[in-house]
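Student: My questions all concern the structure below.
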């Protein structure tokens, strides 16, 4: 058998195994996610979020459903924040741990974020499915401190006053990013946009 045929078989075998692992990782977390798939935030979306939400060194960013950890990594790198992510998908968790390995102030936990109180967060980032947004709103209203900023990719928080909405400059990844600040009494108000001259 020619070597190139063997190489093709090995590559196909590896791809099949990876596909099976991906499917198994989705099935293993279905009861928690309700079928929501691991879908990494595009770099342009992460950049847009970080361009519009200024953080201070030492602030705590919590990413609920942190996927491969890219939001944690970029926020820590740009602003020096403490970044804490929760992920239940084993494949995404491994990727996030690998991506953030050795980064001071970044922690990834293999946990269901519904079981975690996010009261200490200065910023909460989420990219979840519409089916859970109502439940998420109730969780945040019961746990957040006034002044906490909440960033939601693609889907608004039901019942919250609309904050600023920004759109990444991308034809493929131009879906809205909703920016809120929790006030406690009237639920939310708009997050201030960063002065682009600060960059």
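Student: Out of 75, 36, which single residue is under 15 Å from the mean Cα position of the chain (by Cα), at pLDDT 75 or above, on the phi < 0 side of the Ramachandran plot and surrounded by 14 or more Cβ atoms within 10 Å (Cβ to Cβ)?
Tutor: Details: 36 fails: at pLDDT 75 or above.
After ruling out the rest, the residue left standing is 75.
Student: Right, another one. Looking at region 81-99, can you tell me whether even one residue there is at pLDDT 95 or above, part of a loop (DSSP other than H, G, I, E, B) and either in contact with a helix residue (DSSP H, G or I) (Cβ under 7 Å, 6 or more places away or on another chain) or not assigned by TED's automatic domain parsing to the domain that holds residue 131 (or both)?
Tutor: Yes - at least one qualifying residue is present in region 81-99.
The values are calculated or read from the model by the stated rules, or taken from the named source; none is laboratory data. Worth saying up front: this structure is predicted, and the values here are computed from it rather than measured. Glycine also receives a Cβ, built like all others from the backbone with ideal geometry; neighbour counts cover every protein chain displayed.
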